[in-house]
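Notes follow once the structure below has been shown.
The values are calculated or read from the model by the stated rules, or taken from the named source; none is laboratory data. As the structure is a prediction and not an experimental result, all values here were calculated from the model. Note that we place each Cβ from the backbone using ideal geometry, even for glycine, and neighbour counts take in every protein chain shown.
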Amino acid sequence: MSACGIARPEMRHRMRAGILGRSASHRTAMYRNMVTSLLDRERIETTDAKAKTVRRLADRMITLGKRGDLHARRRALRVIRSREVAAKVFDDLAERFRDRQGGYTRVIKVRNRVGDAAAMSIVELVGSATPAPKPSSAKKPASEKKAASGDGPKKTVKKASSRKKGVDDEAKAAPKKKTAKKAASKKKTAAKSDSKKTTTKKAAAKKTSKKK
């Protein structure tokens, strides 16, 4: 506090990382969890402020793994929460980065978070097996993908063409049905006329026989 009684902000001597609105114990536990997850999965997504601190701690753990002695293992286990992950650091990652002098991780800025617009970043190990995502990769809906690939319009054209074919077939079959019906009706009328003629002939024959 100054002589005037006005409170001055404290100077940030030797403070690389921010407080992030957390207590010291909460902050150290959070960073230990994040470093363990990064060394295990080789990629995590977090805010940009946390990513910078996690990157520095992860590089330090890999440097201890390259040293490989008992004291380095004990120092690494003070940060890394899993013995399996520590074994991976001292065996696999130490051999992978044996010829690399620092810079074992990288930070890729990706997007802004929807809720509070915080800058999000991906922290990953250099040379990880999974490919790095593109910052401006937006997922397209299924309808746009179908329209871009051309599957949707083709299917509709096929359906329309099949419908047209069915209508044409019905139109072609309609006159055939009508002609068949007409032929059947003509046959029926001819049969009726023949039966009438035979009946009249029989009646005439009977009359002539009676006269005789």
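On the stretch given as the range 111-136, residues that are modelled with pLDDT of 95 or more and among the β-branched types (Val, Ile, Thr) total 2.
Summed over the range 111-128, the residues that are in a strand (DSSP E or B) and not aliphatic (A, V, I, L, M) give a count of 4.
Residues are listed down the side, and each one gets a yes or a no for (1) charged (D, E, K, R); (2) farther than 15 Å from residue 127 by Cβ:
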{"residue": "26", "(1), (2)": "no, yes"}
{"residue": "46", "(1), (2)": "no, yes"}
{"residue": "56", "(1), (2)": "yes, yes"}
{"residue": "59", "(1), (2)": "yes, no"}
{"residue": "62", "(1), (2)": "no, no"}
{"residue": "77", "(1), (2)": "no, yes"}
